[in-house]
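Here is the structure we will look at.
The values are calculated or read from the model by the stated rules, or taken from the named source; none is laboratory data. Given the structure is predicted, the values throughout are model-derived calculations rather than measurements. All Cβ positions, even for glycine, are placed from backbone atoms using ideal geometry, and neighbour counts span all protein chains on display.
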Amino acid sequence: MTINNEVEAVDPGTGTVQPAERRKQAQRARVSGFIGSTMESYDFGLYAAAAGLVFPKVFFAGLEPGLAYTLSFVILLSGYIARPLGGLLFGHIGDTLGRRNVLVVTLGLMGASSVGIGLLPGSDSWGAAAPILLVVLRVVQGLAYGGEYGGAVLMSLEHSSSGRRGFSASLAMAGGPFGAVLGTLSFGLVALLPTEQLMSWGWRVPFLLSAVIVIFGLYIRRKLEESPEFTKIVEESEQAVVPAGLVFTKYPRQVLLGVLAGTCSLFVQGLLGSYMVPFLVNNHGMDRSQALLLLSLSYVFHTAAIPFFAWLSDIIGRQRMMLIGMGASLVLIWPMFALFRHGGTLPVALGFLLGNAVIQASMFGPLGAFLSEMFEVRARYTGLSLSFVLATVAGAGVAALIAQQLVVGLDTTKLALYLSGLIVLGLIAVALAGRFLRFTQNEAVTATQ
């Protein structure tokens with residue numbers, strides 16, 4: 001069958017006929033979302049690695065090492081703190097003016113900030129101005145990412161048929177570990193340089209290379225059409241005048257439950273990405289490049305595991321998949337920490353693999369669709385963005401700082417108990433959120449027809 005001279009195909013998720021152009025836009029939306037999360041994770045992964053290995057000496061030269069490390073991680077946190085503001089700002093624009101143009105702006109801002117960090121002189125040259133400018137660039141990155149995540153997930157989800165929405169949304173999240181692979185590999189390679197060269201110019205190269213990802217991503221996004229669900233509510237004049245007001249008055253419980261549901265998986269993400277490499281270097285004497293490469297290896301499997309668990313959620317249900325993932329994670333975090341305490345190449349590799357590809361992915365894979373399905377279309381960008389970025393601050397944003405306070409030598413017991421508490425809160429939140437999962441297959445089919 002053909003419509004408007006376009007060859008049609010049957011969507012495997014619903015059995016409905018999909019015109020070629022619609023399928024092309026859906027694929028383009030998934031690629032666009034994947035690139036955006038790749039860029040975000042690449043940028044933040046680079047900073048996380050540099051925060052523990054390079055920045056204390058480059059931007060806080062002359063300070064006591066413990067204080068320098070703390071300040072470096074505090075600046076890491078500043079980017080996370082800016083995310084809720086970015087979520088509100090870009091969420092409002094995305095819910096009123098459309099998702100597509102917002103995503104062009106956020107990707108450009110993330111890339112410009114990363115390149116700016118790569119060009120920034122150290123404190124030896126610019127004194128206190130250097131770390132101040134580093135904070136500014138990190139805040140801009142945080143604002144941009146606050147709007148990037150929600151838009152990328154929604155464009156993938158809202159361009160897809162009802163039976164594949166979890167899988168499609170997860171591709172905008174699977175770019176995270178892929179970007180981390182690129183970031184840790186590139187930083188791992190420059191970490192092979194002699195210390196003097198690494199500290200002077202080597203660490204800058206991966207930041208500058210982010211421009212390549214941005215150019216490709218902007219090219220894809222300029223060809224992407226607006227979300228069909230957003231277009232539908234614009235045609236019916238149903239969009240909210242103040243989406244943030246709608247979220248705060250109609251959906252505050254959904255935001256709270258979304259934050260609690262997402263914090264535990266994001267804490268694991270931040271812990272493994274920013275804290276465990278310095279932990280291994282300082283406590284086991286592991287070479288920094290080797291630790292980064294083992295982390296990168298786990299990210300390869302992580303990239304595939306996220307859409308796999310999201311695909312399962314399309315089959316068995318979003319809520320059930322998240323409950324299973326959290327329940328399993330509550331048990332599996334203990335052997336994960338045991339592997340890291342043991343040290344050695346194989347145990348550490350298994351620890352990263354278990355933590356990223358099983359624990360984190362099983363909780364994180366269905367999260368994008370889970371959060372989206374608690375909000376109606378006209379407030380979805382704002383609600384999803386706000387829920388996710390607040391969870392990011394409470395999870396990944398403070399993971400390194402909390403771990404630094406709770407871990408003494410090789411004793412990770414307090415840290416494991418803290419993470420267990422987060423997972424228990426997540427289980428409760430997901431169980432309670434079932435009544436708010438308002439999105440139905442009928443809505444999806446109607447919006448895409």
Within the range 283-297, of all residues that are in a helix (DSSP H, G or I) and among the aliphatic types (A, V, I, L, M), the one farthest from Gly409 (Cα to Cα) is Leu297
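The rows are residues; the columns are (1) surrounded by fewer than 17 Cβ atoms within 10 Å (Cβ to Cβ); (2) of a type in the set (Phe, Trp, Tyr).
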site	(1), (2)
Leu89	no, no
Gly98	no, no
Asn101	yes, no
Val105	yes, no
Leu109	no, no
Gly118	no, no
Trp126	yes, yes
Ala129	yes, no
List pairs: first residue in the range 114-141 and closer than 15 Å to Gly79 by Cβ, second residue aromatic (Phe, Trp, Tyr) and at pLDDT 90 or above anywhere in the structure, Cβ distance under 6 angstrom, at least six positions apart or on different chains.
Ser114/Phe207; Ile117/Phe207
So for the range 393-416 (the condition being crowded, with 24+ Cβ neighbours inside 10 Å, of a type outside the set (Val, Ile, Thr), over 23 Å from Leu71 (Cβ atoms) and in contact with a helix residue (DSSP H, G or I) (Cβ under 7 Å, 6 or more places away or on another chain)), does at least one residue qualify?
no
What number of residues in the range 183-216 are closer than 18 Å to Tyr145 by Cα and surrounded by 24 or more Cβ atoms within 10 Å (Cβ to Cβ)?
3
Here is a list: Ser362, Ser329. Which entry is in contact with a helix residue (DSSP H, G or I) (Cβ under 6 Å, 6 or more places away or on another chain), crowded, with 24+ Cβ neighbours inside 10 Å and without any contact (Cβ under 8 Å) to a residue 60 or more places away in the chain?
Ser362
Taking the range 282-293 and keeping only residues that are farther than 21 Å from Gln404 by Cβ and of a type outside the set (Asp, Glu), one is left with Ser289, Gln290, Leu293
Within the range 303-322, is there a residue that is more than 28 Å from Ala169 (Cβ to Cβ), of a type in the set (Phe, Trp, Tyr) and assigned to a helix (DSSP H, G or I)?
no
Residue satisfying all of: in the range 213-271; under 29 Å from Gln27 (Cβ atoms) and among the hydroxyl-bearing types (Ser, Thr, Tyr); farthest from the chain's Cα centre (by Cα) among these:
Thr231
Can you name every residue in the range 73-112 that is modelled with pLDDT of 90 or more and of a type in the set (Ser, Thr, Tyr)?
Thr106
Pick out the one residue from Phe375, Phe388 that is over 19 Å from Cys264 (Cα atoms), of a type outside the set (A, V, I, L, M) and touching a helix residue (DSSP H, G or I) at 6+ places or on another chain (Cβ under 7 Å).
Phe375
Report yes if Leu293 is touching a Ser or Thr at 6+ places or on another chain (Cβ under 8 Å) and either surrounded by fewer than 24 Cβ atoms within 10 Å (Cβ to Cβ) or of a type in the set (Asp, Glu) (or both), otherwise no.
yes
Between a residue in the range 335-346 that is under 21 Å from Asp287 (Cβ atoms) and any residue that is at pLDDT 95 or above, which pairs come within a Cβ distance under 6 Å, given they are 6 or more apart or on different chains?
Leu339/Pro347; Leu339/Leu350; Leu339/Gly351; Phe340/Gly351
What tally of residues in the range 158-192 results from selecting those that are within 13 Å of the chain's Cα centre (by Cα) and not hydroxyl-bearing (Ser, Thr, Tyr)?
11
Filter the range 387-426 down to residues that are farther than 19 Å from Leu77 by Cβ and outside any helix (DSSP H, G or I), then give me how many there are.
5
